[in-house]
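Encoded as structure tokens, the structure appears first; notes follow it.
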Amino acid sequence: MKPTLSLPPQVAWASGALSGAPLIRKITTLGDLAGVFADEAAFRHGDPSLVVYSVEMFDTPAGEGELFTGVTHLNPGCLGEEYFMTRGHFHARREQGEVYFGLRGEGLLLLQNEQGGTRLEQVFPGSVHRIAGYIAHRLINTGTDVLSALAVWPSVAGHDYAALAGGFAQRVTKGNLRLMAKEVQNG
Ligand code: PAN
Ligand code: ZN
């Protein structure tokens, strides 16, 4: 049989730009994030058309055993005291996991289990995050540059946003980030 050779699609590691295959792009503006940030007055004064994050993914087949590959670009900024973040979700099929890879910028990955227990992982270029099943996940941009992270997840996972409509159990604000940085310094 004649071997075949093909050029696969690509990700530019430094920027997270995807190329070489058809893409799907979804933009999330501040106006889409009603109820997500704690400071409701700041939300009312904010520009609803402001882009908070975009997700670009390869338009690949869905189905049992298939994987989706996408990059989230989360802009820097704050609403009130709280850093810009993704909405965050459990997977609709709770047992399905995901891997995130930090590409650009700096931030945090907030992980929450079904009992409401949370932990945070630092995200930076080269960081690798194994998100097991049954764990909700949200990116938070604590830096001054765009935070870009590559993600690979089972196409059957789906997104359950409703389960966290009341919010995650932990918020990351300028104030509590300073406290966390001090704790890290003091061991
Ligand atoms: C990611 C997220 C992406 C946007 O591709 O969907 O970061 O976050 P929200 O979906 O919470 O708005 C992923 O985790 N997929 O499963
Ligand atoms: Zn996910």
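I'm trying to understand the selection: among the residues of region 30-52, which are open to solvent by less than 40 Å² (accessible area, probe 1.4 Å) and touching a residue at least 40 places away in the same chain (Cβ under 8 Å)?
Of everything in region 30-52, those that are open to solvent by less than 40 Å² (accessible area, probe 1.4 Å) and touching a residue at least 40 places away in the same chain (Cβ under 8 Å) turn out to be Leu30, Leu33, Val36, Phe37.
List the number of the failed condition for Ala12; all other conditions in (1) under 19 Å from Val172 (Cα atoms); (2) more than 10 Å from ligand 1 (Cβ to nearest atom) hold.
Tallying (1) under 19 Å from Val172 (Cα atoms); (2) more than 10 Å from ligand 1 (Cβ to nearest atom), Ala12 fails exactly one: (1).
Only one of (1) aliphatic (A, V, I, L, M); (2) within 12 Å of Leu74 (Cα to Cα); (3) free of Cβ contacts under 8 Å to residues at least 24 places away in the same chain fails for Ile27. Which number is that?
Among (1) aliphatic (A, V, I, L, M); (2) within 12 Å of Leu74 (Cα to Cα); (3) free of Cβ contacts under 8 Å to residues at least 24 places away in the same chain, Ile27 violates only (3).
For region 85-137, how many residues meet the condition of being within 16 Å of Gly167 (Cβ to Cβ) and charged (D, E, K, R)?
Residues in region 85-137 being within 16 Å of Gly167 (Cβ to Cβ) and charged (D, E, K, R): 2 in total.
Taking region 72-90 on its own, how many of its residues are assigned to a loop (DSSP other than H, G, I, E, B) and more than 11 Å from ligand 2 (Cβ to nearest atom)?
Total meeting the criteria: 6.
Can you confirm whether region 121-132 contains a residue that is on the phi < 0 side of the Ramachandran plot and aromatic (Phe, Trp, Tyr)?
yes
Select from region 61-74 the residues that are surrounded by fewer than 16 Cβ atoms within 10 Å (Cβ to Cβ) and farther than 21 Å from Gly133 by Cβ and list them in ascending order.
Residue satisfying the conditions is Pro61 alone.
Report, ordered by the first and then the second residue, all pairs with beta carbons closer than 6 Å, sequence separation of six or more or different chains, a first member in region 106-122 that is more than 12 Å from Arg138 (Cα to Cα), and a second member that is hydroxyl-bearing (Ser, Thr, Tyr).
Final answer for the pair search is Glu114/Tyr134.
Give the number of residues within region 6-16 that are free of Cβ contacts under 8 Å to residues at least 12 places away in the same chain, out of contact with any Ser or Thr (no Cβ under 6 Å at 6 or more places or on another chain) and within 15 Å of Leu150 (Cβ to Cβ). I'd like the intermediate steps shown before the answer.
First, the residues of region 6-16 that are free of Cβ contacts under 8 Å to residues at least 12 places away in the same chain: 6, 10, 12.
Okay, now just the ones that are also out of contact with any Ser or Thr (no Cβ under 6 Å at 6 or more places or on another chain), so 6, 12.
Narrowing further to those that are within 15 Å of Leu150 (Cβ to Cβ): 12.
Looking only at that region, the number is 1.
Name every residue in region 18-77 that is within 24 Å of Thr142 (Cα to Cα) and among the acidic types (Asp, Glu), in order of residue number.
Asp32, Asp39, Glu40, Asp47, Glu56
The values are calculated or read from the model by the stated rules, or taken from the named source; none is laboratory data. These figures come from a predicted structure and were not determined experimentally. A quick note on method: Cβ atoms are made from the backbone with ideal geometry, for glycine too, and the neighbour counts reach across all protein chains shown. These area figures cover heavy atoms from the full protein model, side chains too; ligands, DNA and RNA do not enter into them. Shrake-Rupley method; radii C 1.70, N 1.55, O 1.52, S 1.80 Å.
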